[in-house]
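Quick notes on the structure that follows.
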Amino acid sequence: MSGQYASTSNRIRFSRRELRDLAVAWLALGVAFTFFLNNGLAQGLLYGRLPVAEATRTFVLSLLTVGVGFLLHELAHKVVAIRFGQVAEFRADYSMLALAIFAGLAGFLFAAPGAVYHGGRPISDRQNGLIALAGPVTNVVLIAVFLPLVFAGGLLGSVGVLGVGINALLAGFNMIPFGPLDGRKVLAWSKPVFALSFVVCAGLAAVVVFVLFV
């Protein structure tokens, strides 16, 4: 997701606050998906019997898949926004991150960790649409990166399956033309580009839901 941020610059740089927010969001998503992917961990916490080895494995797996998919999605917004003369910074939503962790504990999939906010000189609908589209396109590219690992077996196979799955879901979800999601900005720029992008991203998400996880 991307929003508005009032300032101007043309250099790619990261403030201390942004680096902190990115790190906190990455780790919090790792924790949230660790619990979501292994409900037994939440039960183990209640009884004081947390399986450390299993929790560590799932946490690392989540960081390498969910975390990477999320981080590169947001950084793609930032890079393209700066390309168009904007200042762009990620801001974590700490309340939503806490909710994501609690949702994971309860066995639900929910994540709205924050967004890249950009602003500066006025930009066109096309430029705003391209900034928004950069996120889902990055997730589609990551699907191609993770896909060969699906057939590797073992830990690499798990990384591949989850990497493909989470990136397909991120791409499909963010192309929904509603609220602050990327799809709304793409649709405001170009209906044909939105239609093509939505079909690709939603189609990949559907394949994941009905083939990989059913």
For segment 42-171, state the average projected area of the convex hull of the C-alpha atoms over all orientations, rounded to one decimal in nm².
9.1
Per DSSP loop assignment and a cutoff of at most 16 other beta carbons within 10 Å, the chain keeps its longest run without exposed chymotrypsin sites (Phe, Trp or Tyr not before Pro) at 111-177
What number, in percent, do you get for the relative contact order of segment 126-203 if the mean sequence gap of Cα pairs under 8 Å and at least 6 apart is divided by its residue count?
35
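Can you tell me how segment 57-124 classifies by the Cα gyration tensor, rounded, prolate or oblate, using a/c under 1.5 as the rounded cut? Intermediate results must be reported in sequence, preceding the final value.
On the way: a/c = 3.90, a/b = 2.04, b/c = 1.91.
Here segment 57-124 falls in the prolate category.
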Value at 222 nm in deg cm²/dmol, rounded to 500, when DSSP H runs of n ≥ 4 in the chain each add -39,500 (n - 2.57)
-21000 deg cm²/dmol
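What is the Å³ per residue value for the convex hull set by the Cα atoms of segment 116-200?
So the per-residue hull volume is 91 Å³.
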Starting from the Cα of S190, move 7 Å in the Cα-to-Cβ direction to define the label point; list residues of segment 57-84 whose amide nitrogen is under 20 Å from there.
76-84
Would you mind calculating the relative contact order of segment 170-214 from Cα pairs under 8 angstrom and at least 6 residues apart, reporting the percent as a whole number?
36
Surrounding charge for E89, neighbours by C-beta under 13 angstrom, Lys/Arg +1, Asp/Glu -1, total +4
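Only the coordinates and a few stated rules stand behind these numbers; no lab work does. Keep in mind the model is a prediction, meaning the values are calculated, not measured. Cβ: placed from backbone, ideal geometry, glycine included. Neighbour counts: every protein chain shown.
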